[in-house]
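Worksheet: one structure, shown below.
The values are calculated or read from the model by the stated rules, or taken from the named source; none is laboratory data. Here the structure is a predicted model, which means the values were calculated and not measured. Virtual Cβ from ideal backbone geometry, glycine too; neighbours counted across all protein chains shown. Quick note on the areas: whole protein, heavy atoms, side chains included, nothing else; ligands and nucleic acids left out. Shrake-Rupley method; radii C 1.70, N 1.55, O 1.52, S 1.80 Å.
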Amino acid sequence: MSRYIFILLIDMVGYLFMGGSSVAYTGYKKSNFVNIFNIHSGVDIRVLIWGEISFITGIYFGYNYNEYNLIDRSKGGVGYTVINSRYMWVPDISFATGFEIYNFTLAFKYDYVATKQLYVFDKQESKIGFEASIFF
């Protein structure tokens with residue numbers, strides 16, 4: 001009996017493993033923040049509840065190599081002089097949980113990422129939010 005329950009549970013659970021990377025080919029010394037390189041991976045787990053309705057949860061890890069530029073703004077918008085540049089590796093971690101109905105997903109999400117605010121460019125920030133997605 002327990003063997004059949006285990007097989008049923010395996011049938012009801014779906015996994016999606018993902019990963020990738022991206023490289024910037026423009027934007028150097030043109031902005032305060034440039035994401036030069038990132039690599040990421042994650043896993044989604046879906047548990048069938050009923051029909052086309054599933055519980056979905058996921059965890060994603062990433063690592064970003066960023067350029068942070070200090071810009072001279074004293075010229076009143078004329079020119080764009082970079083005073084100093086810093087290059088840093090920063091982590092990117094996300095957790096999400098929600099429901100998927102056919103191609104529509106509603107989820108709560110937590111992110112721990114590098115801030116893009118100019119006054120604290122070397123710090124991490126936490127974000128909590130709600131996400132709605134439609135997949136085609």
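General remarks:
- Consider the range 37-75 and keep the residues that are open to solvent by 60 Å² or more (accessible area, probe 1.4 Å) and not in a strand (DSSP E or B). The one that is farthest from residue 109 (Cα to Cα) is 75.
- Taken together, the residues in the range 17-38 that are of a type in the set (Gly, Ala, Ser), over 19 Å from residue 80 (Cα atoms) and either more than 20 Å from the chain's Cα centre (by Cα) or at pLDDT 75 or above (or both) amount to 4.
- Selection status of residue 80, within 22 Å of the chain's Cα centre (by Cα) and either exposed (fewer than 11 other Cβ atoms within 10 Å of the Cβ) or at negative phi (or both): no
- Only residues that are open to solvent by less than 100 Å² (accessible area, probe 1.4 Å) and in a loop (DSSP other than H, G, I, E, B) were counted in the range 122-134, giving 1.
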